[in-house]
Each structure stands twice: as structure tokens, then as C-alpha cells.
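Participant: One structure, pasted below without further comment.
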Amino acid sequence: MLIAQLIKNQTLVEADHAKRDELFSCPACQSIVTLRHGQIKIPYFAHLANANCQVFSENESQLHLKAKKELKAQAEAAGYTATLEKRLPDISQRADLVIENDLGQKMAIEYQQSPLSLQRLRERNAGYAKIALPVVWILGPNYAQAILKQRTVFKFSDARNRLFYADASIEKIHLLTDFRKMDHTKLAMARTKLSLKNCLDYLLASQPNPCKSSYFKKPVRQKQMMINELHRLQQDAMCKRLPVEIVQLTYEQHKNLVCAPTIIHLGSQAGLSVTNWQWRLSLILRLIEVGEGHLTTIDRLLKQFSSETYFYPRMVKNAFAKNAFLKLLSEFEDANIISLKKAYVLVKHLPKWFSSYEQKLNSLR
Ligand SMILES: [Zn+2]
């Protein structure tokens with residue numbers, strides 16, 4: 001922690017300006033903390049080994065401490081008032097930084113460098129929601145893009161499906177949006193680099209969206225890519241590497257999974273914890289159960305296909321998975337498989353299954 005309380009007069013002091021011969025306590029739990037600093041390390045306060053403080057965790061790295069100071073300095077240079085390690089007693093939390101503009105609009109900044117469980121993340125967000133304080137989570141360089149997994153992206157992205165990430169120097173905030181994922185390819189996204197000032201102005205003062213819009217056109221699906229996907233599916237089927245549930249479901253319909261309609265290979269939905277083909281094929285199998293000429297409700301399908309069975313869990317509740325599934329339904333409507341009538345889905349023409357792998361392969365050539 002960077003801020004402690006001077007015991008003699010209860011004022012808050014930043015470690016940088018603290019004197020060694022004075023006594024300090026933790027602003028949250030009131031227990032004694034000691035000032036630490038070395039030749040290279042930036043000064044900070046630490047609880048005694050036996051302290052049991054719920055608000056300040058002790059495992060902050062030097063990188064984290066440094067980043068907080070840097071964010072504060074940049075926010076102040078950008079004209080914001082910035083408070084380090086702001087205590088929020090109503091919710092027993094503290095924010096890495098709370099910034100405020102001259103209109104009195106506030107926002108919390110959480111700089112996340114170490115792992116944090118989904119449950120803790122949701123608790124912290126619920127706390128901020130309770131006191132109506134907007135929060136932005138900025139991931140640190142530990143979450144470098146090379147290891148940025150879909151699970152992490154969808155865990156930390158906000159209600160508008162944006163992920164904020166800072167490099168070690170915090171020179172730029174990377175704003176990641178428009179996530180796309182085709183099976184067997186890397187997660188694709190649009191990346192906008194912003195100074196912290198531009199980033200905060202955008203978030204707080206509702207400045208125009210700085211993201212490169214229409215960065216992504218509809219992905220062009222090369223024939224060869226579909227052929228590759230089919231090869232892959234065939235190999236996985238032969239080596240019994242396919243998920244058991246989908247194999248079982250297909251078997252129950254007396255179908256050969258590899259011969260499934262080609263529309264299952266056209267997905268580019270990100271945020272799925274299963275492959276695109278599995279999600280799409282599951283829907284087709286569900287429509288087979290409903291049967292041509294029969295109806296089911298959109299709600300019933302939504303409940304199943306936008307659930308955490310298919311999508312990564314998120315720190316925010318929003319309509320991401322729901323919208324993704326509605327998009328898939330409208331794609332199926334365009335393909336004349338279904339027709340959407342208010343709250344209902346009418347199964348029109350079930351897509352054609354191939355009689356063999358070779359036949360399907362030939363249809364793609
Ligand atoms: Zn404490």
C-alpha cells in the first residue's frame with residue numbers, strides 16, 4: 001500500500017513523503033504498518049506479519065505500486081483530481097485510484113496485475129454498483145496479449161464488451177474491442193491505443209468513441225479454410241477427440257457428425273467456451289428435435305444457447321451471449337432454415353446432411 005495514516009494526527013500520508021521515524025497505521029484496519037524502502041524499490045507501507053486486514057492485501061508487487069503511482073500522475077497531468085488507494089467504507093473496499101473531473105464526475109480505476117477470481121471480481125463490481133461509482137479495470141502487462149486467453153478477455157471485458165490493457169510503462173492504454181474467433185484460429189480484435197487522458201475523457205466525459213469503427217468487415221470465409229476445418233473435424237472424430245456430449249447428441253439423431261451441414265463451419269463468434277461448430281451444430285440438433293413445420297419459443301432456445309454451457313463466464317451481467325445467439329438465429333433465418341415470428345421460431349427447412357465425408361468435401365471444392 002502507498003497510503004497510511006500518521007498516528008500522531010490521523011492525517012493520510014503517501015509513502016514517498018513519509019519520514020522513517022514516525023508511526024503509521026492502516027487507514028482500514030487501524031493496525032500498525034511499517035514504512036519500507038530500499039535503494040531501488042519505491043517506498044510503501046506494509047502490515048506486520050500477523051495482521052489480518054480485509055481491505056489491503058499485502059501481495060502487491062512493486063510493478064503494481066509503480067503503476068498506481070504512474071496512473072495517478074498521468075490522471076493529474078490530464079487535469080483530473082486523483083486519489084490513490086481511495087477507501088470506500090460503505091462497501092469495505094478500496095479503489096487503486098479514484099479520479100474526478102471538475103464537473104464532479106467520478107470513476108474508480110482498478111489496475112489488475114495479479115490473478116483475481118471471478119467471484120471476487122463480481123463482488124468488487126457489485127460494491128461499485130451499490131455506491132454507483134463507475135469502474136474501469138485496466139489489466140497490467142502480466143496479461144500480455146500473447147497469453148490473453150478468451151476466458152480472460154471475457155472475464156474482464158466490461159458491459160460494452162471492451163477490454164482495457166496497459167503495457168509496463170503505462171504510456172498507452174490499449175482498448176480492445178470487436179472480438180472475433182474462428183475455430184482453430186487466434187482470437188482477433190480491434191486495438192486502439194490511447195493516452196490515459198484520452199481514455200479517461202472517453203470514459204468519463206462521453207467523448208466520441210475513439211475505436212476504429214468498422215475495423216472488421218464480415219470475415220471472408222475462404223473455401224480452403226472450410227476444407228481445413230472439415231479435415232480437422234474428421235481427424236478429431238477418428239481419434240475420438242470430440243466432446244462426448246455433442247457426439248452423443250448426434251448419435252441419438254442417427255447422424256454422422258462429420259457429415260453435418262456446412263453451415264456449422266461458418267461461425268466467428270468470440271466468447272464461446274466451445275468451438276463455433278459445436279455451438280451451431282447443437283442448435284441444428286435442437287431444431288431437428290423440434291421438427292420441420294413445428295414451433296418452439298425463442299426464450300427456450302435462448303436459455304439453452306446463451307448459457308454458460310456455451311459461453312465463458314463474465315464479471316458483468318450483460319446481453320453479450322444473448323445478442324450473439326440472436327445473431328445466430330437471424331443468420332439461420334437468412335439461410336431459410338427457420339423463420340422468426342415474434343416470440344417463436346418456426347423450423348422451415350432443416351439443412352442437408354451429407355451422406356459421406358467425401359461428398360461433403362466435394363461440395364466444398
Ligand atoms: Zn489494514
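The values are calculated or read from the model by the stated rules, or taken from the named source; none is laboratory data. Worth saying up front: this structure is predicted, and the values here are computed from it rather than measured. All Cβ positions, even for glycine, are placed from backbone atoms using ideal geometry, and neighbour counts span all protein chains on display.
Participant: Do you know which residues across region 7-40 are more than 10 Å from the ligand (Cβ to nearest atom) and under 25 Å from Ile91 (Cβ atoms)?
Facilitator: Gln10, Thr11, Leu12, Val13, Glu14, Ala15, Phe24
Participant: Where residues in region 41-67 are more than 12 Å from the ligand (Cβ to nearest atom) and among the hydroxyl-bearing types (Ser, Thr, Tyr), which of them is modelled with the lowest pLDDT?
Facilitator: Ranking the candidates gives Ser61 first.
Participant: Further question on the same structure: If you scan region 83-111, which residues turn out to be over 23 Å from Cys29 (Cα atoms) and either surrounded by fewer than 21 Cβ atoms within 10 Å (Cβ to Cβ) or in contact with a Ser or Thr (Cβ under 6 Å, 6 or more places away or on another chain) (or both)?
Facilitator: Glu100, Asn101, Asp102, Leu103, Gly104, Gln105, Lys106, Met107
Participant: Looking at Ile99, is it of a type in the set (A, V, I, L, M) and in contact with a Phe, Trp or Tyr (Cβ under 6 Å, 6 or more places away or on another chain)? Full working, then the answer.
Facilitator: Details: of a type in the set (A, V, I, L, M): yes; in contact with a Phe, Trp or Tyr (Cβ under 6 Å, 6 or more places away or on another chain): yes.
In short, yes.
Participant: Something else: Can you tell me which residues in region 103-156 are among the hydrophobic types (A, V, I, L, M, F, W, C) and at positive phi?
Facilitator: Ala132
Participant: Could you please tell me which pairs satisfy a Cβ distance under 8 Å, a separation of 6+ or placement on different chains, a first residue in region 18-30 that is free of Cβ contacts under 8 Å to residues at least 40 places away in the same chain, and a second residue that is within 7 Å of the ligand (Cβ to nearest atom) and of a type in the set (Gly, Ala, Ser)?
Facilitator: Between residues of region 18-30 that are free of Cβ contacts under 8 Å to residues at least 40 places away in the same chain and residues that are within 7 Å of the ligand (Cβ to nearest atom) and of a type in the set (Gly, Ala, Ser), the close pairs are Ser25/Ser31; Cys26/Ala51; Cys29/Ala51.
Participant: For the condition at pLDDT 90 or above, under 20 Å from the mean Cα position of the chain (by Cα) and either closer than 23 Å to Tyr312 by Cβ or part of a helix (DSSP H, G or I) (or both), what is the one hit in Leu249, Leu200, Leu233, Leu242?
Facilitator: Working: Leu249 fails: under 20 Å from the mean Cα position of the chain (by Cα); Leu233 fails: under 20 Å from the mean Cα position of the chain (by Cα); Leu242 fails: under 20 Å from the mean Cα position of the chain (by Cα).
When all the criteria are applied, what remains is Leu200.
Participant: Taking helices (runs of 4 or more DSSP H) that do not extend beyond region 274-365, which have at least 1 residues that are surrounded by 13 or more Cβ atoms within 10 Å (Cβ to Cβ) and under 25 Å from the mean Cα position of the chain (by Cα)?
Facilitator: Ranges flagged: 276-290, 298-305, 320-334.
Participant: For Leu35, only one of the following conditions fails: (1) within 17 Å of Lys86 (Cα to Cα); (2) surrounded by 14 or more Cβ atoms within 10 Å (Cβ to Cβ); (3) at pLDDT 90 or above. What is its number?
Facilitator: All conditions pass for Leu35, except number (1).
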